[in-house]
Amino acid sequence: MTDTTPSTMPSALLDHARAAKGFMPEDEGALLHRVALERLPHGPALEVGTYCGKSAIYLGAAAQQVGGTVFTVDHHRGSEENQAGWEHHDASVVDPELGLMDTLGQFRKNIARAGLEDQVIAVVGQSTTVAAHWRTPLSLLFIDGGHGEEPARADFAGWAHWVQAGGYLAIHDVFPDPADGGRPPYELIYLPALASGAFTEVTHTGSLRVLQRTSGAAGDPF
C-alpha cells in the first residue's frame, strides 16, 4: 500500500534535509524517517549510498528522537550517474586537485549543521569492502547506492542478509515501469528480495519501497 501517514520529523531538521544536496523527494524522506522511528529502538540502521547526507538527515532525525545509531556507507567519489557527462553530475563537488568527486566534506557539514554527529556515523569506503567485514544485525537497511547493474547486484548480495527478523529493507529508485527510471534497483534488488522468500513488501511512497524480513534471521543466507 502507499504510505500517507503525516511526518513527525522536527521542523528544524526537516529544513536541514531540504537544504542538503541530494535526490530524495520529501514525501519519500518522510517515509524513510517514519520507518526509522519504528525500527531504530531494535538495533542500528545502515544506509548504502550517502552522497551529501540528505537521506542521512531523515534517518538521523529518527535516531535522535528515539535513541539509536545510523551507519552510512559511501566512498564519496560519486556513483556512475554522478560522473562528468552524466545527468546528475554536479561540478561543485569535484575536488579541483584530484579531478574526482568528493562529497565527504559536504556530508560532514550537513550532518554537523543538523546536530546529528552523535547519531550518524560515516563509514568511508567501497560498499563491497565494508560489507565483506560487516557482522552486525540491522533493524533497517536502506539501499541507495550505485544504480548500475554491478553495484546494485553487489549491494543486495552484501547487505540484505544482515537485516534482522522483523527488520526493514528500504530500497530507493524502484521503478516497475521502465519509462519511469533505471532498472537495476528494481530488477537486481527489489525483485530478488521478494523472490528470496525472506521479505514481504509492507509500504511504499513514490520510488521508495519498504520490505520487512518475514523469514530467517540476520546473517542467514537466502
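The values are calculated or read from the model by the stated rules, or taken from the named source; none is laboratory data. Source: prediction; values computed, not measured. For neighbour counting, all protein chains shown are included, and Cβ atoms are generated from backbone atoms with ideal geometry for every residue, glycine included. Protein only, heavy atoms only, side chains kept; ligands, DNA and RNA dropped before computing areas. Shrake-Rupley method; radii C 1.70, N 1.55, O 1.52, S 1.80 Å.
Points worth noting:
Listed here are the residues, each with its yes/no results for (1) farther than 22 Å from ARG108 by Cβ; (2) open to solvent by 20 Å² or more (accessible area, probe 1.4 Å); (3) at pLDDT 95 or above.
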{"position": "GLY22", "(1), (2), (3)": "no, yes, no"}
{"position": "GLY29", "(1), (2), (3)": "no, no, yes"}
{"position": "LEU37", "(1), (2), (3)": "yes, yes, yes"}
{"position": "PRO41", "(1), (2), (3)": "yes, yes, yes"}
{"position": "PRO44", "(1), (2), (3)": "no, yes, yes"}
{"position": "SER55", "(1), (2), (3)": "no, no, yes"}
{"position": "ALA63", "(1), (2), (3)": "no, no, yes"}
{"position": "ASN82", "(1), (2), (3)": "no, no, no"}
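- When segment 165-185 is filtered for residues that are acidic (Asp, Glu) and within 21 Å of VAL202 (Cα to Cα), the ones remaining, listed by number, are ASP173, ASP177.
- PRO151 being in contact with a Lys or Arg (Cβ under 9 Å, 6 or more places away or on another chain) and either touching a residue at least 12 places away in the same chain (Cβ under 8 Å) or β-branched (Val, Ile, Thr) (or both): no
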